[in-house]
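One structure is given below, encoded as structure tokens.
The values are calculated or read from the model by the stated rules, or taken from the named source; none is laboratory data. The structure displayed is predicted, hence computed values, not measured ones. Cβ coordinates were reconstructed from backbone atoms using ideal geometry, including for glycine residues, and neighbour counts include every protein chain displayed. Ligands, DNA and RNA are stripped out before the accessible areas are found, and what is left, the full protein with its side chains, is counted by its heavy atoms. Shrake-Rupley method; radii C 1.70, N 1.55, O 1.52, S 1.80 Å.
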Amino acid sequence: MKIAYISCAVLPEPDIDEQPLLNGLIAAGHDASVAAWDDPSVDWGQYDLAIVRATWNYALHVDAFAAWLERVDRLTTLVNPYETLSWNLHKGYLQTLADAGVAIIPTRFTECGESASVESIAQSEGWSKIVIKPSVSAGSYGTKCFDLAQGEQEAAQAFFDEMIVQRDMMIQRYMPSVDTQGETALIIIAGQLTHAIEKRPRFDDQDEEVYLREHISDEMRALAAKVLDAAGQEHYYARVDVIPDDDGALMLSELELLEPSLFFPYATHAVDAFVGGLEQLAAKSTH
């Protein structure tokens, strides 16, 4: 098959998955190459599959990216499917999952142009430390942490006011367990939970620290299954990021169906799983 590994013209940070997956696809006999979603010269109709991977600048060009997804979906088979990618673009999906009974990080959503007092929201929710970030974002773009107990109310409000005039924003409680236990990324490929990664938090201009998790608990497996079932979105790959609450029970941080790092260098067997199921996926395609 002729396969596009979809990236962007200028990566905001290195993509550790690109070379392992390309190597795996080529070794399996496929004609695989990188193509940038924001390169207007690309003929997307030439590909049998277009795997959305490192489109990490899309948050800066949301409308253009959404239009690109719609157009390319008519020309080839997107992986994940168009409907899934569109659903996952805006983190308002977290409220949908919460309404379906999934425990999420306590969050207040605000719409572009909306006036809001960060301090009032935090006080009403009982949050002393918060994270403010866009509802459409990739990586750590536009994500900052503020400790209101340390007098950072003015800085938090200034950042929120600067961002809300441009985009929808989220205000979340900063979970203390991030500092002690970190976050776990559960990676699902072709219906199988292939591996898990421990992550430490990062904000603007910080590098991410990650480690392979040796044991995936039954609670993690159950939550991942519950999240994906509640989402109800067809997917070939998914990343379910989970974190402990104050009592140690797991809650959802994010469900990534669009462009998540899958941490292939930490689990080479996951590349084999990804490549192995693509023929079946292509056979089901209507394109």
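Structure summary
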item: Matching residues in the range 228-244 - criterion: being assigned to a helix (DSSP H, G or I) and open to solvent by 40 Å² or more (accessible area, probe 1.4 Å); result: 229
item: Index of the failed condition, residue 247 passing every other in (1) open to solvent by 50 Å² or more (accessible area, probe 1.4 Å); (2) under 17 Å from the mean Cα position of the chain (by Cα); result: (2)
item: Within the range 62-80, tally of residues that are over 15 Å from the mean Cα position of the chain (by Cα) and surrounded by 18 or more Cβ atoms within 10 Å (Cβ to Cβ); result: 8
item: Flag if residue 121 is surrounded by fewer than 20 Cβ atoms within 10 Å (Cβ to Cβ) and either closer than 30 Å to residue 151 by Cα or not charged (D, E, K, R) (or both); result: yes
item: Helices (runs of 4 or more DSSP H) within the range 101-198 that include 2 or more residues touching a residue at least 60 places away in the same chain (Cβ under 8 Å) and in contact with a strand residue (DSSP E or B) (Cβ under 7 Å, 6 or more places away or on another chain); result: 177-180
item: Residues within the range 2-33 that are in a loop (DSSP other than H, G, I, E, B), surrounded by 14 or more Cβ atoms within 10 Å (Cβ to Cβ) and out of contact with any helix residue (DSSP H, G or I) (no Cβ under 6 Å at 6 or more places or on another chain), tallied; result: 5
item: Selected residue (only one of 247, 218 is more than 30 Å from residue 2 (Cα to Cα), modelled with pLDDT of 95 or more and among the charged types (D, E, K, R)); result: 218
item: Filter result (of a type outside the set (A, V, I, L, M, F, W, C), open to solvent by 10 Å² or more (accessible area, probe 1.4 Å) and more than 18 Å from residue 107 (Cα to Cα)) within the range 142-183; result: 150, 151, 152, 154, 162, 166, 179, 180, 181
item: Pick from the range 213-227, criterion open to solvent by 30 Å² or more (accessible area, probe 1.4 Å) and within 18 Å of the chain's Cα centre (by Cα), ranking: farthest from residue 283 (Cα to Cα); result: 226
item: Residues (modelled with pLDDT of 95 or more, closer than 19 Å to residue 219 by Cα and among the small types (Gly, Ala, Ser)) located in the range 157-190; result: 185
item: Count of residues meeting criterion [part of a helix (DSSP H, G or I), charged (D, E, K, R) and more than 17 Å from residue 255 (Cβ to Cβ)] in the range 49-97; result: 4
